[in-house]
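Q: Quick one: structure below, then a few questions.
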Amino acid sequence: MAILLVLIKKIKHYNSLRHASSTYSMLESYEVSGDEAILTAAKRALRFLAIDLIREQGDRAYVIERDTNEIKLGANAAAILAFSKYMQVTQDMAYLPLCQNLARAICDQQQENGQFIHVLEYPTLTVKDPFRIIYYDGEAVLAIMRLYAIDPDETWLNTAKKAFDYFIEKSYWKNHDHWLSYCTNEITKYAPEDRYFEFGLKNAFGRLDFIYHRETAFPTFLELTVATHDMCERIEAADKGYLLKNYNREKLETTIEKRADFQLNGLFYPELAMYYKNPKRILHSFFIRHHSFRVRIDDVEHNISGYCRYLNRITEGITNKTKRKKCNCKEKTLYKQILYW
């Protein structure tokens, strides 16, 4: 029997955005697992983020990519997500002033029409790239709304509403982005307007067939669909079921179950990891098969986030038209192994 031995290549540069977003997923895993070792590691990561990767100018704060001196909208957003999740799960509000400064910087990057500027130069704050990637927009609105949940300043909500005016005008739902699902689910908790719900439904259901049949284990598909499930639950709870008339909820739930199972095709089980150069390093991490079995921290973090939400969904039970379902011991053990990695 032939044995496949694959060499592992380390990436030399450090990515501040990925540091922040990965720390956020660690705190999500702590929230569902209660593992103090994860919280201890996350605290160290937050300190490094606050001290080494963030620069402040007055009452503004910026996450800096040290190799390029770039200020990325998505990096500021990811930092707020990490700090706000920490404050939520620990009730330690030490990072609130820093979060507010990061959020003010995001507000500065919003233009009159609601659109965000994506990349600035540090320290001049001149525009380097008006638009870089669609993910930054939804990520920024989600971060602003998560901050609003612990700091109910109307500035944050108004910034999010202004961004959504732009999203709706430009039909951003056609991007079918998981961050848009997240932020739509979040803003409708505080502004349950039909137009926001409709945007979120189109963002998910317009891509559902593709997500169901896709053969690659993209982790963001699970995030997108579970966030939409959460929003649909609240639509029904708010007696707005008429919004769901043209959408197949059963198909959404079936797609969630399929993606949750299918993504495990990208998990380094012991029986697979043992064929690689350093099995201990990659055990219970996630790889991208169609990218030569690449393991990248953002792929792992998105799997963690998706499975955290999925785990909450199946342990809390599904209340809409389906029987309450509990996660069995085998499932819980597997998910905790994934999250601990």
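Q: So Tyr166 fits all but one of (1) in contact (Cβ under 8 Å) with a residue 12 or more places away in the chain; (2) under 24 Å from Ile64 (Cα atoms); (3) in contact with a strand residue (DSSP E or B) (Cβ under 9 Å, 6 or more places away or on another chain); what number is the exception?
A: (2)
Q: Filter segment 206-225 for residues that are among the charged types (D, E, K, R) and in a helix (DSSP H, G or I); which is nearest to Ile288 (Cα to Cα)?
A: Among those residues, the one meeting the criterion is Glu223.
Q: Can you pull out the residues in segment 109-134 that are out of contact with any helix residue (DSSP H, G or I) (no Cβ under 9 Å at 6 or more places or on another chain) and surrounded by 14 or more Cβ atoms within 10 Å (Cβ to Cβ)?
A: Matches in segment 109-134: Glu121, Tyr122, Lys128, Asp129.
Q: Considering every residue within segment 20-30, establish whether at least one is among the aliphatic types (A, V, I, L, M) and open to solvent by 10 Å² or more (accessible area, probe 1.4 Å).
A: yes
Q: Here's another thing I want to ask about it. Take segment 160-197 and flag every residue that is open to solvent by 10 Å² or more (accessible area, probe 1.4 Å) and of a type in the set (Val, Ile, Thr).
A: The answer is Ile168, and nothing else.
Q: Within segment 89-100, how many residues turn out to be in contact (Cβ under 8 Å) with a residue 40 or more places away in the chain and over 21 Å from the mean Cα position of the chain (by Cα)?
A: 1
Residue by residue, here is whether (1) buried (at least 19 other Cβ atoms within 10 Å of the Cβ); (2) of a type in the set (A, V, I, L, M) holds:
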| residue | (1), (2) |
| --- | --- |
| Leu53 | yes, yes |
| Tyr62 | yes, no |
| Lys72 | yes, no |
| Ala78 | yes, yes |
| Gln91 | no, no |
| Cys99 | yes, no |
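Q: Against the definition (within 19 Å of the chain's Cα centre (by Cα), open to solvent by 20 Å² or more (accessible area, probe 1.4 Å), hydrophobic (A, V, I, L, M, F, W, C) and closer than 20 Å to Gly138 by Cβ), how does Phe218 come out, yes or no?
A: yes
Q: Residues Ile256, Ile288, Ile282, Ile304: which one is aliphatic (A, V, I, L, M) and touching a Lys or Arg at 6+ places or on another chain (Cβ under 7 Å)?
A: Ile288
The values are calculated or read from the model by the stated rules, or taken from the named source; none is laboratory data. Just so you know, these numbers come straight off a predicted model, no measurement behind them. Neighbour counts run over all protein chains shown; Cβ positions are idealised from the backbone, glycine included. In case anyone asks, the SASA skips ligands and DNA or RNA and just uses the protein heavy atoms, side chains included. Shrake-Rupley method; radii C 1.70, N 1.55, O 1.52, S 1.80 Å.
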